[in-house]
Amino acid sequence: MLIVMDKEATPAQIGVVVRKIEALGYLAQPMPGGERVAIAVLRNPGPVDPAQFLDLPGVVQAIPVTRAYKLVSREVKREDTLISLPGLELGRGRFVVMAGPCAVESELQALTIAARVKAAGARIFRGGAFKPRTSPYSHQGLGKPGLKILKKVRDETGLLIVTEAVDEDSLKLVREYADIVQIGARNMQNFSLLRQAGHCGKPVLLKRGMNATLEEWLMAAEYIMAEGNSQIILCERGIRAMGEHVRYLLDLAVVPVVRRETHLPIVVDPSHAAGRRDLVPPLARAAVVAGCDGLIIEVHHEPEKAISDGAQSLYPDQFAALMQEIQTLRPGGWK
Ligand code: PEP
Ligand code: MN
């Protein structure tokens, strides 16, 4: 249930509605919108009778929410969520490109790649210091020293930082260094990590699990938002594919569906879906045309030496060419 308040509703009238919801044993979550406040009713085990709210002063509507996810749903909030970053916004028509290596390998590697992606127009640097690897014997990331390198990239280039937290310990560190905390595909249903991300104080990039339905993905976002963090960027990165021609199957149909179902922005990661460099530019172009709010792309100056995901990493020149193509595909280009 969503209680929509009048534009002129006073804080006292909102308080009355919140207390009424709480007296019924439910959770009330006020959601200030551009024009008016709406109050979501959460944790109700069954349908709630709208009649008990409609005669309270300041209430204009009580809308039953039909979706399993509530706070992330368009039913609950009609206008697009804008992600506010230091000096940069994403969503609501602001298109942003994030780029960088799969993993932070050294200061020289990170600074070299950062300079190139910045020159091409990227605004956010990506690079994992904590890597969730399929094999326990693969490189697991530099850890805290990797985060310090990311800080140096931020200080020297002005690029913002998105980097992954793989568990609760790494999240405590990552939130100190990152502008956006990434939750990877393998952790999309790590509910305790999602909850913690819900009060980490930073926007969260939530990747879709490789086996996740749209509803499971949006429910994962709901976990974060139910803890009070509404700054969530969804990221489509491909789901299980048949055959060997791609690593994962990039689900571009999900882009317009996500836009319809939720107010959250969606970015697309063509790199992890493709698994091979030659497919990254066409998938990226298709994602732009499908209407995403941004891209996250792996770039490496020496991909043949990369410790992870070299085969799918673009050379800096290829990335720069792609950025030029995006300008022609998208009115307004990138930020
Ligand atoms: C990554 O971004 O480097 C990564 C590991 O991505 P995903 O979680 O989508 O596999
Ligand atoms: Mn990677």
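Phi-derived couplings, Karplus 6.51 cos²θ - 1.76 cosθ + 1.60 at θ = phi - 60°, listed residue by residue for the stretch 97-105: 10, 10, 8, x, x, 4, 10, 6, 10 Hz, with x used for Gly and Pro. Checking the Cα-Cα distances for LYS151/LYS172; LYS7/LYS70; LYS70/LYS151 against a 27 Å cut-off, the pairs over it are LYS70/LYS151. Specify the inter-centroid distance of the stretch 115-173 and the stretch 51-67, based on alpha-carbon positions, in whole Å. Cα centroid of the stretch 115-173 versus Cα centroid of the stretch 51-67: 45 Å apart. Shown in residue order for the stretch 194-203 are the 3J(HN,Hα) couplings computed by the Karplus curve 6.51 cos²θ - 1.76 cosθ + 1.60 at θ = phi - 60°: 4, 4, 5, 5, x, 10, 8, x, 10, x Hz (x for Gly and Pro). Mean residue ellipticity, 222 nm, helices only, the chain: the sum of -39500 (n - 2.57) across DSSP H runs of n ≥ 4, divided by residue count and rounded to 500, is -10000 deg cm²/dmol. Counting only heavy atoms of the protein chains and using a 1.4 Å probe, LYS70 has close to 50 Å² of accessible surface. Would you pull out the residues with amide H under 5 Å of ILE296's amide H, same chain only if 5 or more places away, H placed 1.01 Å from N? When sequence neighbours closer than 5 places are left aside, the close amide H contacts are MET98, VAL268, ASP269. Near the amide H of ALA129, within less than 5 Å, lie the amide hydrogens of VAL104, GLU164, all on another chain or at least 5 residues away, with H placed in the peptide plane.
Amide H contacts for THR262 (H built 1.01 Å from N in the peptide plane; partners 5 or more residues away or on another chain; cut-off under 5 Å): ARG74.
The residues packed around LYS148, meaning those with a beta-carbon under 13 Å from its beta-carbon, carry a net charge of 0 if Lys and Arg are +1 and Asp and Glu are -1.
Of the DSSP beta bridges with both residues in the chain, give the percent that are antiparallel, rounding to the nearest 5. Here the antiparallel bridges make up roughly 40 percent for the chain. Along each principal axis, taking the top coordinate minus the bottom one, the Cα set of the chain gives 67, 41, 41 Å in descending order.
Which lysines have a Cα lying under 20 Å from the Cα of LYS305, excluding residues fewer than 8 positions away in the same chain? Within reach: LYS131.
Rounded to whole numbers, the Karplus 3J(HN,Hα) couplings from phi for the stretch 241-247 are 10, 9, x, 10, 6, 9, 6 Hz, using 6.51 cos²θ - 1.76 cosθ + 1.60 with θ = phi - 60°, and x at Gly and Pro.
Just tell me the longest site-free run in the chain, where the sites are GluC sites (Glu not before Pro) in a DSSP loop having at most 11 other beta-carbon atoms within 10 Å. If you can, show how the numbers build up before the last one.
Numbers: sites that count: GLU8, GLU35, GLU79, GLU244.
Longest run free of exposed loop sites: 80-243.
Qualifying trypsin sites (Lys or Arg not before Pro) in the stretch 221-266, where qualification requires a DSSP coil assignment and no more than 11 other C-beta atoms within 10 Å, comprise ARG240. A straight line joining the Cα centroids of the stretch 279-332 and the stretch 208-271 runs 18 Å.
The values are calculated or read from the model by the stated rules, or taken from the named source; none is laboratory data. Only a predicted model underlies this, so the values are computations on that prediction, with no experimental measurement involved. Cβ atoms come from the backbone with ideal geometry, glycine included; neighbour counts cover every protein chain shown. Just so you know, the surface numbers come from the protein's heavy atoms only, side chains and all, with ligands and any DNA or RNA stripped out. Shrake-Rupley method; radii C 1.70, N 1.55, O 1.52, S 1.80 Å.
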